[in-house]
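Encoded as structure tokens, here's the structure I'll be asking about.
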Ligand SMILES: [Zn+2]
């Protein structure tokens, strides 16, 4: 009986030591420039973390899944997001942001201002107002400079949508390029093919090693000309179970033809790439047991 009790305590102490080592290991990992495309089901949510520890959250996915994703991706106790970008107000992009706004300190928000009256988006606007957050309207040509040489370039929209009702909200999607050294990641929201053509015609710099494929791989986006201009090394499709047939087979086929690596969040779970300013390398998640013990 006594030995049994003793071995139980040895087990508890050993577990605490493992958790302690894992925690110290995580905290002591030097910050790097990382981009994580979260598996949030059918929708988009991606986190950029800079060498200076600043964070950019692009969309929040369809529900509260983003909270556990952020908890695992950020250092323990980190409750600040420096910049939140809402590509457009559809529920699969905005809903998760409401949970984030309720629990995190957000320093700045970038939106388009287009009118949408769903409860999720109205709640988002209410939270911005309640918290008195600095809100900027996205316009092509804008840049946001972050510490550590990171720059956010807004490529779309080319006009102001403030207070405007539009037939297709996807067409208002913020397209932005986050640049670190000679590496870049392009976020496209749900931007349709017509916008891709206009972007190319405008001569905007779209080239990026990492591409967040527009609109869950829908056939309404990702034209061959646009993919060639971006010429990514990796294309990430953020997608979950859905009734739209996303990603559409012809888009997946096109991506496989034109992009060396095509990844899907529904197959890979969260996808993280790290940049040293020269190139991106895939960062594998913690060992499963570390993922379990780390918040
Ligand atoms: Zn949309």
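Taking the stretch 159-174 as the search range and keeping residues that are without any contact (Cβ under 8 Å) to a residue 60 or more places away in the chain and in contact with a helix residue (DSSP H, G or I) (Cβ under 7 Å, 6 or more places away or on another chain), which one is farthest from the ligand (Cβ to nearest atom)?
Among those that are without any contact (Cβ under 8 Å) to a residue 60 or more places away in the chain and in contact with a helix residue (DSSP H, G or I) (Cβ under 7 Å, 6 or more places away or on another chain), it is 161.
Would a scan of the stretch 62-70 turn up a residue that is away from the ligand (no atom under 16 Å from the Cβ), in contact with a strand residue (DSSP E or B) (Cβ under 6 Å, 6 or more places away or on another chain), without any contact (Cβ under 8 Å) to a residue 60 or more places away in the chain and closer than 30 Å to residue 160 by Cα?
No, that holds for no residue.
Tell me the residue from 225, 235 that is in contact with a helix residue (DSSP H, G or I) (Cβ under 8 Å, 6 or more places away or on another chain), at pLDDT 95 or above, farther than 27 Å from residue 149 by Cα and not in a loop (DSSP other than H, G, I, E, B), please. Let's see the steps before the verdict.
On the way: 235 fails: farther than 27 Å from residue 149 by Cα.
Within the list 225, 235, the selection yields 225.
For every residue, the table says whether it meets (1) part of a loop (DSSP other than H, G, I, E, B); (2) within 15 Å of the chain's Cα centre (by Cα); (3) at pLDDT below 95; (4) more than 16 Å from the ligand (Cβ to nearest atom).
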{"position": "76", "(1), (2), (3), (4)": "yes, no, yes, yes"}
{"position": "82", "(1), (2), (3), (4)": "no, yes, no, yes"}
{"position": "92", "(1), (2), (3), (4)": "no, yes, no, no"}
{"position": "95", "(1), (2), (3), (4)": "no, yes, no, no"}
{"position": "107", "(1), (2), (3), (4)": "no, no, no, yes"}
{"position": "114", "(1), (2), (3), (4)": "yes, no, no, no"}
{"position": "123", "(1), (2), (3), (4)": "no, no, no, yes"}
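Next question, about the same structure. Tally the residues that are crowded, with 24+ Cβ neighbours inside 10 Å and touching a strand residue (DSSP E or B) at 6+ places or on another chain (Cβ under 7 Å), restricting the search to the stretch 88-110.
1
Hey, another quick one. Give the residues of the stretch 225-249 that are closer than 24 Å to residue 201 by Cα, free of Cβ contacts under 8 Å to residues at least 40 places away in the same chain and under 19 Å from the mean Cα position of the chain (by Cα), sorted by residue number. Full working, then the answer.
Within the stretch 225-249, the subset closer than 24 Å to residue 201 by Cα is 225-235.
Adding the requirement that they be free of Cβ contacts under 8 Å to residues at least 40 places away in the same chain leaves 225-229, 231, 235.
The answer is 235, and nothing else.
Report, by residue number, each residue of the stretch 125-178 that is assigned to a helix (DSSP H, G or I) and either farther than 26 Å from residue 99 by Cα or at pLDDT below 95 (or both).
Here is the first cut: in the stretch 125-178, the ones assigned to a helix (DSSP H, G or I) are 125-130, 169-172.
None - no residue of the stretch 125-178 is assigned to a helix (DSSP H, G or I) and either farther than 26 Å from residue 99 by Cα or at pLDDT below 95 (or both), so the list stays empty.
So if I check each of 116, 88, which one is in contact with a helix residue (DSSP H, G or I) (Cβ under 9 Å, 6 or more places away or on another chain), closer than 20 Å to residue 190 by Cα and free of Cβ contacts under 8 Å to residues at least 60 places away in the same chain? Spell out the reasoning first.
On the way: 88 fails: free of Cβ contacts under 8 Å to residues at least 60 places away in the same chain.
The match here is 116.
The values are calculated or read from the model by the stated rules, or taken from the named source; none is laboratory data. Every value quoted in this text rests on a predicted model; they were computed, and no experiment measured them. Here the Cβ is made from the backbone with ideal geometry for all residues, glycine too, and neighbour counts use every protein chain on show.
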